[in-house]
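Here the structure is laid out as structure tokens; the discussion comes afterwards.
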Amino acid sequence: MSKLHIKKGDTVYVNAGEDKGKTGRILEVKVKEKRAIVEGVNMVSKHAKPSAKSPQGGIIKKEASIHISNLNVLDPKTGKPTRIGRRLSGDKLVRYAKKSGEEIK
């Protein structure tokens with residue numbers, strides 16, 4: 001299985017689909033499906049029956065997953081979408097922004 005260019009906690013830019021142009025933080029990465037759940041992006045309405053968790057039930061808005069090919073990590077220096085590279089820093093492999101060369105934490 002190949003490594004993904006995104007991680008949980010990254011701030012990403014959506015470059016395709018209904019939410020094109022939006023940015024958000026990654027809440028969860030589904031590695032096997034190559035999908036990620038991004039905060040405030042790809043919102044869906046879920047009909048919930050009344051339960052102990054939500055005694056009222058009703059329609060709940062929540063984030064659905066989005067394919068990682070539609071996401072770009074935001075450059076920490078410029079705040080613009082960038083591609084990701086990997087390079088050795090000492091003895092560790094670190095991710096860096098291809099646009100500015102800045103290391104991504």
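Observations on the model:
- Take the Cα of Lys105, go 7 Å toward its beta carbon, and the backbone nitrogen atoms of the range 4-21 under 17 Å from that spot belong to 7-12.
- Rounded percent of accessible protein surface that carbon and sulfur make up, the chain, 1.4 Å probe: 49
- Surface analysis of the chain yields an accessible area of 69 Å² per residue, using protein heavy atoms and a 1.4 Å probe.
- Cα-based shape type of the chain, given that a ≥ b ≥ c are square roots of the gyration tensor eigenvalues and the cut on a/c is 1.5: prolate
- FRET efficiency for the Leu93 to Val31 pair, using the beta carbon distance and R₀ = 22 Å, is estimated at 0.80.
- Descending by average beta-carbon neighbour count within 10 Å, the peptides 81-90, 45-54, 3-12 line up as 3-12, 81-90, 45-54, the highest first.
The values are calculated or read from the model by the stated rules, or taken from the named source; none is laboratory data. The structure displayed is predicted, hence computed values, not measured ones. Neighbour counts run over all protein chains shown; Cβ positions are idealised from the backbone, glycine included. The accessibility values were calculated without ligands, DNA or RNA, using every heavy atom of the protein model including side chains. Shrake-Rupley method; radii C 1.70, N 1.55, O 1.52, S 1.80 Å.
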